[in-house]
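Contents: one structure, followed by commentary.
The values are calculated or read from the model by the stated rules, or taken from the named source; none is laboratory data. Remember, it's a predicted structure, so these values are computed and weren't measured experimentally. Heads up, the Cβs are rebuilt from the backbone with ideal geometry, glycines too, and the neighbour counts pull from every protein chain shown. Surface accessibility is based on the protein's heavy atoms, side chains included, excluding ligands, DNA and RNA. Shrake-Rupley method; radii C 1.70, N 1.55, O 1.52, S 1.80 Å.
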Amino acid sequence: MPISLSPQMMRQIIMDHYENPQFKKTPEDISKYKTINMNSTNCIDDINIYVLVENEIVKECYFDGVACTISTASTDIMCSLVIGKSYKESLYIIEQFKHMIHEEEYDDSVLDEAIVFMNTSKQAARIKCATIGWDGLEDIICHDHKH
């Protein structure tokens, strides 16, 4: 995705994922999914992340609950990026997203629409909103990977 995105285009992508999230739902049989609850003391965010894994490949990724515009859009984009990816690939994407959020060097080639959060660090209060789903997925992968 080109870095030449205008602020209006970036806002539109965020609003599209907030108003029509593709991956916001509770799976029917949650017993098959690795889950984690993530919530924020600074925002309304209180979401569950659901990940279906086979042989350390993310087969499905969903989230559900109450979330602000930024966390809904960010988590929805995250789900789209990791489905079909290995744990290693998913962790790399998460790492690059967090580098971008914290204004460190990052590989934008793996972020696709997540690049719209590139200016989040300028609004410190929104960093937690943008990363809450990513932190949850990282916790699931790292916890599962140790076993």
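Within the range 121-147, the set of residues being over 22 Å from LYS88 (Cα atoms) and surrounded by 21 or more Cβ atoms within 10 Å (Cβ to Cβ) comprises ARG126, CYS129. Screening GLU54, GLU104, GLU89, GLU19 for residues that are within 22 Å of ALA124 (Cβ to Cβ) and open to solvent by 50 Å² or more (accessible area, probe 1.4 Å) leaves exactly one candidate, GLU104.
Among the residues of the range 14-57, just one is more than 19 Å from THR72 (Cβ to Cβ), in a loop (DSSP other than H, G, I, E, B) and in contact (Cβ under 8 Å) with a residue 60 or more places away in the chain, namely GLU56. Only residues that are polar (S, T, N, Q) and either in contact with a Pro (Cβ under 7 Å, 6 or more places away or on another chain) or loosely packed, with under 13 Cβ neighbours inside 10 Å (or both) were counted across the range 23-41, and they come to 3. Of all the criteria given as (1) open to solvent by less than 70 Å² (accessible area, probe 1.4 Å); (2) assigned to a helix (DSSP H, G or I); (3) out of contact with any Pro (no Cβ under 7 Å at 6 or more places or on another chain); (4) closer than 18 Å to PHE23 by Cβ, the one not satisfied by ASP76 is (3).
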